[in-house]
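Comments concern the structure below.
Computed from the coordinates by the stated procedures, all read-outs in this text should not be read as laboratory data. As the structure is a prediction and not an experimental result, all values here were calculated from the model. Reconstructed Cβ throughout: ideal geometry from the backbone, glycine too, with neighbour counts over all protein chains shown.
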Amino acid sequence: MTLSTNAASEPKGHRPTPVPSPQYASTGLDVWTMMNQVAASVNAVNLGQGYMSYPPKEFIKRAAQEALVENTHNQYAPPRGRPGLLEQVGIHFANRLARPIDPSSELSIHAGANEALLSVFTAFLEHGKGQEVILMEPAFDQYTPNIIMSGGKPVYVPLRV
């Protein structure tokens, strides 16, 4: 990240404005941001992202309350995921795939697919190498900026029915 250096145009005592990297700036707005802005501007009901419009089930509320009282999950999880969760996911997929899974080297837990793919792109793509990532179209619109910000080049392949 860089900071703007146009001190003459900024009020005295004002901090410089952060300027995003060229990779990020070139990606533009994603469809979710655009839809949220449009919905908010006309006071519309936004059905775009599947916002919950119902309360969670009672067993989910109880589990959340118990986790808070248990006092063992009140710290950030390790970056790759909680060891017990990694172990159980490893067992589950070892059974499904009929092969051993090493949770310490073959698994990581993410909040969602977008975060998981961004983690993969940043781990394996190198800036300036022109590495290509194949995207089947139509693709989720956030994959393209994630690839570009990670140094990759998206290559689009249309799906044919």
Problem - Label selected from (1) 9.1; (2) 17.2; (3) 11.0, the criterion being mean projected area of the Cα convex hull in nm² as computed here - result: (2)
Problem - Point-charge dipole on Cβ atoms (K/R +1, D/E -1) for segment 30-161, about Cα centre, debye to 20 - result: 180
Practice task
Mind checking the full-extension length gain between Ile91 and Glu132? Use 0.36 nm per residue of separation minus the Cα-Cα distance, one decimal, nm.
Solution key: 11.4 nm
Completion exercise
Taking placed amide H atoms and a strict 5 Å upper bound, the residues 5 or more places from Val133 or on another chain that come that close are Lys153, Val155
Exercise for the section: Per DSSP H run of n ≥ 4, the term is -39500 (n - 2.57); total these for the chain, divide by its residue number, and report the mean residue ellipticity at 222 nm rounded to 500 deg cm²/dmol. Expected result: -12000 deg cm²/dmol
Fill in the blank from the handout: Percent relative contact order for the chain, counting Cα pairs under 8 Å at least six residues apart, stands at 18
Exercise for the section: Within segment 55-140, report the trypsin sites (Lys or Arg not before Pro) that DSSP leaves as loop and that have at most 11 other Cβ atoms within 10 Å. Expected result: Lys57, Lys129
Practice task
Round to a whole angstrom and tell me the spacing of the C-alpha centers of segment 79-99 and segment 101-144.
Solution key: 19
Completion exercise
Once normalised by the length of segment 20-111, the mean sequence separation of its alpha carbon contacts under 8 Å that are 6 or more apart gives a contact order in percent of 17
Practice task
Determine the sum of side-chain charges near Gly152: Lys and Arg each +1, Asp and Glu each -1, restricted to other residues whose C-beta is under 11 angstrom from that of Gly152.
Solution key: 0
